[in-house]
Every structure is written in C-alpha cells, then in structure tokens.
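Q: Got a structure for you, written out below as structure tokens; questions coming shortly.
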Amino acid sequence: MNRRLRSVFKHIVLATGYGLLGAIVFAAIGYIYFLETRPDLKIWHTARLDAEFTAERSNDVNTLAGYLEIEERVMQQLQQKVYDRIGAEDRRQIVRYHRGSMMDPDSRPANWNRTFELTPDRPAAGALLIHGLSDSPYSMRAIAESLYSHNVLSIGMRMPGHGTAPSGLVDVHWKDFVAAVRIGANELKSRLGDAPLFIVGYSNGAALAVEYALAPLEGSMSPQADALVLLSPAIGVSPVAALARWQGRLGKIAGFKKLAWNSIEPEFDPYKYNSFAVNAGDQIHQLTSAIERRINNLAAAHGLIYFPRTIAFQSVVDATVPPQALLDRFFMKLDKSGGHQLVLFDVNRYSETEPLLRSDPDSFVKSLFEDPGLPFDLSLVTNVETTTEDVMVRFKLAQSPFVFDRPLMRAWPAEMFSMSHVAVPFPPDDPLYGGSHVPGDERVTLGSVHIKGERNLLQIPDGFFMRLRHNPFFDYMMKRIVEFLELESPDTS
C-alpha cells in the first residue's frame, strides 16, 4: 500500500512539475511574441558606434583631451551611420535624426549632447556634472550655468553610450561610466590645485558620484570630492531590473533583436533617448548593487565617517527609482556629524488635488519627521495648508526631535499635482522642458504642451505630456546648493 501511495504521489509531483514547466514555457513564448509585435527597429536602434570610449581604453586615454577626441570620432560615426541612413518615412520635422529638423540637436544654438566646459576667469572651485541614464549633458546645463556665475569651473561630462543614438546603450557597461568619471575628476583636480572639487550627479549620475566618493575610502588614489550634490539619486532600483540581462541574452541567442529593448519609442527629444535598451536597466542594477555592497562593508568596518558632505534633492513620488531606497541604502548609513542634508519635494496637497491621488506618501514623510535619530538634516517642501497651493519648508536638524516650519514665498503652479524624477534639474524657463513656450521660437517646447483631443493622433505618445519636465522650485534648489557648497556671490568676484 505504501509503495502504491508513493507511486501515485510521484506521478502527481511529476505531472505538476511538467504542467508548471509547460506554463512557464507557454508564458515565455507569449511574452516574446508580444515583444516582437512592437514597432520595427530604426537605424538608430541598430547602428553600432564602435568608436565609443570604454573602460578598456582608459589605459591609453586618461585625459579629458583624449576623451574629447574619442567623442568627436563617435559624433562623426553618428552622422555617417545614422543621420545619413535614415529612411524617407523618418525625414520629418519631429524626428531627432533628420538633419535640419526642429528636433535636430545641431540645428539648435548649441549641441548639448557633447561634453561641455564653463570656465570663469578665476575659478574658486570646480564641479564635475554627471547626467542620468539615457540623458545627455543638457540635463546639467542650467545647474552648470548657475555654478559658473559663482566662479565654479564646471565640466558636464557625456557618459559613454549617451548623446548619440539609443543603440549606444545596448552594449555599454557601467564601468565605462566609472572610467569616464575618473577622467573628468582628475582633469578638474589638476586644474584646481587646492580649490574645492564638487561632484553633481543626476539620477544614474548621482549613483556614479557616490561610487566615485567611495573609492578613496577604500584606498583608491583618486582625489576625493569635497562635497556631493545629488538630484533624484538612483541609489536603488526595482529588483525587476535584475531580470533585464536574461531578456537581453535570450534575444541574442534566439535572434530576436527587439528583445534587446525595454521600450521602442519615436525619437523626438534632441537631448534624451525615448527608447530604452534592457542592457541599460541591467547596468544600473549592477552599479547600484555594487554601491550597496561597498557601503555596507565600509559601514560595518568603521562607518562612513569620511564620506564627503552630501546634499540630495528627491521627490517623494518617483516612478523611476523608489525614494525609500535612498534612505535605506545610503542616507541612514551616513555619519551623523557629517553635515549631510536631504531635501524632499512633497506632492501638492491642495484640497482639490489630493483626493485624486492613487497613493499618498504621507506615511513615508511622517515616519521621517517622527524619527529623532536621523543622521542628516531633513527638509520638506510642502503646502502651508490644504486650502492653498502656497508652500513652506518643514525641516529638522540631524539627531533632533524638533520640527520647524518656514514660509517659502512660493506656490505650486496651477494644475500641477507633484514633482517627477525627470523634472528636478530643469528650471521652469528651460527652452526645451520649461513650462512656457519661448516667444518667436518655432520649435516645440516639450514641457509646455498642454493639449486635449483624441488618443493616438500625435506623433509623440500621449503619455509623454503627462509627466512634469521642469522643477517649479528650481531657484530654491539652487539657493540651497549654493549655500551648501559655501560659494561666493557673483557680485563679489
């Protein structure tokens, strides 16, 4: 009897296992079929720009001048392999890679896809500015110009794979970014002497800034930064990103090229890729995982006592990176006497807006202000009352239970319900992402389009216009940055 029961049980287990395996295979086939029904890949998805800088080349190319020579060769390849080869159906005014179109970066006053440098006559400090994943140095333009006005020598570094074509992110590795950051920091320090070195990072650039600052604590001879400024820091990403590499590998093995892409979108933004390669998600996951391991190792040994002073700006709602990860993986592990600061932008709590929110981050915010042991100064830009869109700053100092409120003399713009991950580094008057169209400029201002009509009529996906593209509190953010970095006023230079 026992033998018969064991046999029946074995057959049930085998049947269940085969059924589960079959379901997984069926789901995988269905998923691949779904991905392959997406729009066809364009030349900017498939062009291979093999002149790009890589970490392997850093032994031979270790100066900014050498890096810029490679960058120039990559831009020439972009012209030859993409601009010169786009199809007739893509020669439209809204296509970025149509030469002379309103979205062609070279048709604008400056092509901010390239590494840039702003050099005052007598630099009082230097700043290396690092853009985010799929972005370009344009995202650091406004901050660099503000720092330049305070006599800060500013270099906005183009990360490998960026500022060219989305295909640049198909094979890039996070260590290529790290090697480029080293070149930029070494260049600045060699020109600054004893003057302070700052690193400003946005999104993935913020993760690279933290990675760079960890290295000297581990024995690297790289010059340490005196302070970090982090914007929408991608210190932790969704665990789903870990699956990206398997999708990419499956695509290469099976020959399904579309599987290399998480999204395949029209390319109309002159300074940012809309299509997103799955490898990019894999690389940011590897980078943030490495950072987490290194922070934990240092914190377990002797804490992050000598980590540079850091200020970060983060929206409490962020569809790209979870704000909680910034706390758990980084800020809560900083030394309490390090002078670190975290500035959060709350959702708009005006009574006509709040009921429409799908989820409320209020519990997350309250838990921070109720914690008397935070190792950093905390500020929150939030509504004075739910009856007004006027805002104030609620703040408390590190290791303190006392909370204070201070009016900010600013207000949420009408019909705006929250900040977004992509909005933080851009001012409201940004010529591309700003909230109002520049008079006399015939080009599309992507941040100012407020239109209603039928779905799927526009060349640009409808959902693009939903996301906020500029920071209504940019001037307040810059004031905090200038104060934190202890910069001199422009009129005293």
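The values are calculated or read from the model by the stated rules, or taken from the named source; none is laboratory data. As the structure is a computational prediction, the values presented were derived from the model and not from experiment. Methodologically, a virtual Cβ is constructed for each residue, glycine included, from the backbone with ideal geometry; neighbour enumeration extends over all protein chains shown.
Q: Contact list please: Cβ distance under 8 Å, first residue in the stretch 312-327 and at negative phi, second residue part of a helix (DSSP H, G or I) and of a type in the set (Gly, Ala, Ser), pairs at least six apart or on different chains.
A: From residues that are at negative phi, the pairs are Ala312/Ala206.
Q: Okay, moving on. Scan the stretch 110-130 for residues that are assigned to a loop (DSSP other than H, G, I, E, B) and either under 14 Å from Leu192 (Cα atoms) or out of contact with any strand residue (DSSP E or B) (no Cβ under 6 Å at 6 or more places or on another chain) (or both) and jot them down.
A: Ala110, Asn111, Trp112, Asn113, Arg114, Thr119, Pro120, Asp121, Arg122, Pro123, Ala124
Q: When you look at Tyr202, is it in contact with a Ser or Thr (Cβ under 7 Å, 6 or more places away or on another chain), surrounded by 22 or more Cβ atoms within 10 Å (Cβ to Cβ) and within 28 Å of Gln77 (Cβ to Cβ), yes or no?
A: Judged against the criteria, Tyr202 is a match.
Q: More than 27 Å from Ala207 (Cα to Cα) and among the acidic types (Asp, Glu): is that true of Asp135 in this structure?
A: No: the conditions fail for Asp135.
Q: Then there's this: Looking only at the stretch 183-219, count every residue that is under 21 Å from Leu118 (Cα atoms), in contact (Cβ under 8 Å) with a residue 60 or more places away in the chain and over 19 Å from the mean Cα position of the chain (by Cα) and tell me the total.
A: The total comes to 10.
Q: Could I ask something else about it? Would you pick out the residues in the stretch 76-117 that are crowded, with 16+ Cβ neighbours inside 10 Å, within 22 Å of Asp50 (Cβ to Cβ) and not basic (Lys, Arg)?
A: Within the stretch 76-117, Gln77, Leu78, Val82, Tyr83, Ile86, Tyr97, Pro105, Asn111, Asn113, Thr115 qualify.
Q: For the stretch 257-273, give me each residue that is part of a loop (DSSP other than H, G, I, E, B) and not acidic (Asp, Glu).
A: Ile264, Pro266, Phe268, Pro270, Tyr271, Lys272, Tyr273
Q: Mind checking whether some residue in the stretch 131-146 is surrounded by 16 or more Cβ atoms within 10 Å (Cβ to Cβ), closer than 17 Å to Gly184 by Cα, aromatic (Phe, Trp, Tyr) and in contact (Cβ under 8 Å) with a residue 24 or more places away in the chain?
A: Yes - at least one qualifying residue is present in the stretch 131-146.
Q: Which of the residues spanning the stretch 284-300 are surrounded by 18 or more Cβ atoms within 10 Å (Cβ to Cβ) and closer than 23 Å to Asn262 by Cα?
A: Result: Ile284, His285, Leu287, Thr288.
Q: If the Cβ limit is 7 Å and pairs must be 6+ apart or interchain, which residue in the stretch 395-408 that is more than 21 Å from Thr310 (Cα to Cα) pairs with which residue that is aromatic (Phe, Trp, Tyr) and exposed (fewer than 13 other Cβ atoms within 10 Å of the Cβ)?
A: Partner pairs satisfying both residue conditions: none exist.
Q: I've got another one for you. Within the stretch 23-61, track down each residue that is of a type in the set (S, T, N, Q) and at pLDDT 90 or above.
A: Thr46, Thr54, listed by residue number.
Q: If I go through the stretch 109-136 residue by residue, how many of them are over 22 Å from Ser263 (Cα atoms) and under 19 Å from the mean Cα position of the chain (by Cα)?
A: 8
Q: Also: Condition (residue is touching a residue at least 12 places away in the same chain (Cβ under 8 Å), touching a strand residue (DSSP E or B) at 6+ places or on another chain (Cβ under 7 Å), in a helix (DSSP H, G or I) and not hydroxyl-bearing (Ser, Thr, Tyr)) applied to the stretch 148-169: is it met by at least one residue?
A: Yes, the stretch 148-169 has at least one match.
Q: For the stretch 402-415, indicate whether the set of residues that are at pLDDT below 90, part of a loop (DSSP other than H, G, I, E, B) and within 23 Å of His470 (Cβ to Cβ) is non-empty.
A: Checked the stretch 402-415: at least one residue is at pLDDT below 90, part of a loop (DSSP other than H, G, I, E, B) and within 23 Å of His470 (Cβ to Cβ).
Q: Looking at (1) of a type outside the set (Asp, Glu); (2) out of contact with any helix residue (DSSP H, G or I) (no Cβ under 8 Å at 6 or more places or on another chain); (3) at pLDDT below 95; (4) assigned to a loop (DSSP other than H, G, I, E, B), which is the one condition that is false for Ala398?
A: (3)
Q: Another question, if that's okay. Give, as residue ranges, the helices (runs of 4 or more DSSP H) completely inside the stretch 274-370 that count at least 1 residues that are farther than 17 Å from Gly236 by Cα.
A: Hits in the stretch 274-370: 278-301, 362-369.
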